[in-house]
Amino acid sequence: AVLDANLRYTYVNPALERLNGLPAGSHIGRTFSEVLPELRGQAAVLRGVLRDGEPREQTISGRTWAAASDDPRFWRATYHRLETGGDVCGLMVIVVEISDVARQRAELEEARGHVTLLSTAAVRIGTTLDMDTTCRELAEFVVPSFADVAAVDVFPPEVGHPVRRADPGVLRLRRAALRGRVPE
């Protein structure tokens, strides 16, 4: 797109028409916020480029008229000042949609978090073959990262003191570990 010195569209190419979901005629003579009211924050950046002539890049998020879903969309925009005979006449705007990249980045960060969690669990839980120690390690791992309280109960009939074994048909749980977070 090309904007004039008042930050109004003077030219929109077909690719931007598709990204914004509006024909070029709906853009001409209007500002970003008038054309795309759900995208905010560009005006200050645009005025800065007009003022000092330094190109800027910005990531924009929100919705356009082309949005088929409520999922957030992301664009990377680059702004360059245009001059004619030394006079500032407007800005050139280049926009590339990066929604898939942003979603992939978020999914990758989530996957990294899961791998870190599993790695930490593998190191901290099951350090011995003792069942009570392992149950305690599990409860300590869960609190306070995931829960305020954790109880680990075991129920196989062979577990527990022989004097207190459950009668046939009765399931008796044995509390192997208990952990709680102290309120602040």
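Within the range 95-126, the residues that satisfy the criterion of being surrounded by 15 or more Cβ atoms within 10 Å (Cβ to Cβ), among the β-branched types (Val, Ile, Thr) and closer than 22 Å to ARG73 by Cα are VAL95, ILE98.
Taken over the range 37-87, the residue count meeting the criterion of being open to solvent by 70 Å² or more (accessible area, probe 1.4 Å) and among the polar types (S, T, N, Q) is 2.
I'm checking my understanding of the structure. Among residues of the range 163-184 that are outside any loop (DSSP other than H, G, I, E, B) and open to solvent by less than 90 Å² (accessible area, probe 1.4 Å), which one is modelled with the highest pLDDT?
First, the residues of the range 163-184 that are outside any loop (DSSP other than H, G, I, E, B): 163-164, 174-180.
Now drop any that are not open to solvent by less than 90 Å² (accessible area, probe 1.4 Å), which leaves 174, 176-177, 180.
Numbers: ARG174: 63, ALA176: 72, ALA177: 78, GLY180: 85.
Among residues in the range 163-184 that are outside any loop (DSSP other than H, G, I, E, B) and open to solvent by less than 90 Å² (accessible area, probe 1.4 Å), the one modelled with the highest pLDDT is GLY180.
When the range 1-36 is limited to residues that are within 31 Å of the chain's Cα centre (by Cα) and among the small types (Gly, Ala, Ser), the one that is surrounded by the fewest Cβ atoms within 10 Å (Cβ to Cβ) turns out to be ALA15. The set of residues in the range 130-154 that are outside any helix (DSSP H, G or I) and open to solvent by less than 70 Å² (accessible area, probe 1.4 Å) comprises VAL143, ALA147, ALA150, ALA151, VAL152, ASP153, VAL154.
On the stretch given as the range 1-16, residues that are charged (D, E, K, R) and within 9 Å of ARG30 (Cα to Cα) total 1.
The values are calculated or read from the model by the stated rules, or taken from the named source; none is laboratory data. Nothing here was measured: the structure is a model prediction, and the numbers come from that model. Here Cβ is always computed from backbone atoms with ideal geometry, including for glycine, and neighbour counts include all displayed protein chains. Surface areas here come from the heavy atoms of the whole protein model, side chains and all, with no ligands, DNA or RNA. Shrake-Rupley method; radii C 1.70, N 1.55, O 1.52, S 1.80 Å.
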